[in-house]
Amino acid sequence: VEPLATIEAVIACRAVQDIGATISEQLVVAFVAVDPVAPLAAVLFLAIAPAGIRQRAFSMFDLNDPTNRDRRAMLKVGAGMMQDHPLFGVGPEMIESQYTRYRPPDAVNPTNPHLHNVPVQIAAERGLPALAVWLWFVVVALRDLVRQLKHGPARSVAAAGLVPALLCGSEERQ
């Protein structure tokens, strides 16, 4: 990724964040800003892709899709865990064993090993103070990346790390 393209992607993402865009919309904007030819390639890929891949790609935008419904349920589970255990969470690696206690009726899966959202996972599992420490780490890391991008000797390395850090770091725990 060229530094200029990365900067354009960050600026574009920030602009759509300010108007309330979703993470998916921000990713699309970043994708287009980094490589304007990419949307054409994506459309071409989807046109020739097997039906299963096309269906999965479009399911990201369907609120009634079982995966999306279950992710909303996981957020409710995490909120319940945080409400009951704000200081220390339910404990390390305890999400799956505690899941059924907090599972809402609209959840798709009977249990989940994690909550598919890093901040929610940390707060539910380890407590709100742990979330505060993690957020502090993220802010300091992003601040240092931006400083490196503006003034440091390794600007291209900082630029290459900035977009993934901003767009991907808080969405999934694998």
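For Thr111, all conditions in the list (1) assigned to a helix (DSSP H, G or I); (2) touching a Phe, Trp or Tyr at 6+ places or on another chain (Cβ under 8 Å); (3) open to solvent by less than 60 Å² (accessible area, probe 1.4 Å); (4) not aliphatic (A, V, I, L, M) hold save one; what is the number of the exception?
Looking at each condition in turn, Thr111 falls short on (1).
If I go through segment 60-98 residue by residue, how many of them are in contact (Cβ under 8 Å) with a residue 24 or more places away in the chain, surrounded by fewer than 16 Cβ atoms within 10 Å (Cβ to Cβ) and part of a loop (DSSP other than H, G, I, E, B)?
Within segment 60-98, residues that are in contact (Cβ under 8 Å) with a residue 24 or more places away in the chain, surrounded by fewer than 16 Cβ atoms within 10 Å (Cβ to Cβ) and part of a loop (DSSP other than H, G, I, E, B) number 9.
Within segment 20-59, work out how many residues are at pLDDT below 75 and open to solvent by 50 Å² or more (accessible area, probe 1.4 Å).
The qualifying residues number 14.
Report, by residue number, each residue of segment 114-131 that is open to solvent by 40 Å² or more (accessible area, probe 1.4 Å) and at pLDDT below 95.
Answer for segment 114-131, where residues must be open to solvent by 40 Å² or more (accessible area, probe 1.4 Å) and at pLDDT below 95: just His116.
The values are calculated or read from the model by the stated rules, or taken from the named source; none is laboratory data. Source: prediction; values computed, not measured. With ideal geometry, Cβ positions are generated from the backbone for all residues, glycine too; neighbour counts draw on all protein chains shown. All accessible areas refer to the heavy atoms of the entire protein, side chains included, with ligands and DNA or RNA removed. Shrake-Rupley method; radii C 1.70, N 1.55, O 1.52, S 1.80 Å.
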